[in-house]
Amino acid sequence: MFLAKLASVPARGGLVLSAASVVLTRSAAGELHAFSSVCTHQGCPVNQVSGTTIHCPCHGSRFDAATGAVVTGPAARALAPVRVSVRGGSVYTS
């Protein structure tokens, strides 16, 4: 399934794709990462990527944009990784 154009995922940031329940992030070096956009605390959707963290608006959990690991709770588990591939400048679920 097509998710986004790679160029639309900012380096040192990311893109929350609510319809697909996926958050795409890119490091400063351009490395792409993908995670479920469902917070592991109570299932709220994350809504923002800011710098190196993914933010959940419901209870303030923050996750590492490169690994999905919890940076700040109350979430206790990392965001689930999502397998993606890049073909022709576009990002797809694998």
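The values are calculated or read from the model by the stated rules, or taken from the named source; none is laboratory data. Because the structure is predicted, anything quoted here is derived from the model rather than measured. Here the Cβ positions follow ideal geometry from the backbone for every residue, glycine too, while neighbour counts run over all protein chains shown. Just so you know, the surface numbers come from the protein's heavy atoms only, side chains and all, with ligands and any DNA or RNA stripped out. Shrake-Rupley method; radii C 1.70, N 1.55, O 1.52, S 1.80 Å.
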Per the list (1) surrounded by 16 or more Cβ atoms within 10 Å (Cβ to Cβ); (2) out of contact with any Phe, Trp or Tyr (no Cβ under 9 Å at 6 or more places or on another chain); (3) without any contact (Cβ under 8 Å) to a residue 60 or more places away in the chain, residue check on Val9 breaks on (3)
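Does Ser37 count as among the polar types (S, T, N, Q), within 14 Å of Ala75 (Cα to Cα) and touching a His at 6+ places or on another chain (Cβ under 6 Å)? Lay out the reasoning, then the answer.
Numbers: among the polar types (S, T, N, Q): yes; within 14 Å of Ala75 (Cα to Cα): yes; touching a His at 6+ places or on another chain (Cβ under 6 Å): no.
So Ser37 does not fit the description; no.
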Out of the range 50-90, which residues are open to solvent by 80 Å² or more (accessible area, probe 1.4 Å), out of contact with any Cys (no Cβ under 8 Å at 6 or more places or on another chain) and of a type in the set (D, E, K, R)? Arg77, Arg83, Arg87
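Right, Val49: out of contact with any helix residue (DSSP H, G or I) (no Cβ under 8 Å at 6 or more places or on another chain) and more than 15 Å from Ser27 (Cα to Cα) or not? Don't jump to the end; show me each part of the working.
Values: out of contact with any helix residue (DSSP H, G or I) (no Cβ under 8 Å at 6 or more places or on another chain): yes; more than 15 Å from Ser27 (Cα to Cα): no.
It is false that Val49 is out of contact with any helix residue (DSSP H, G or I) (no Cβ under 8 Å at 6 or more places or on another chain) and more than 15 Å from Ser27 (Cα to Cα).
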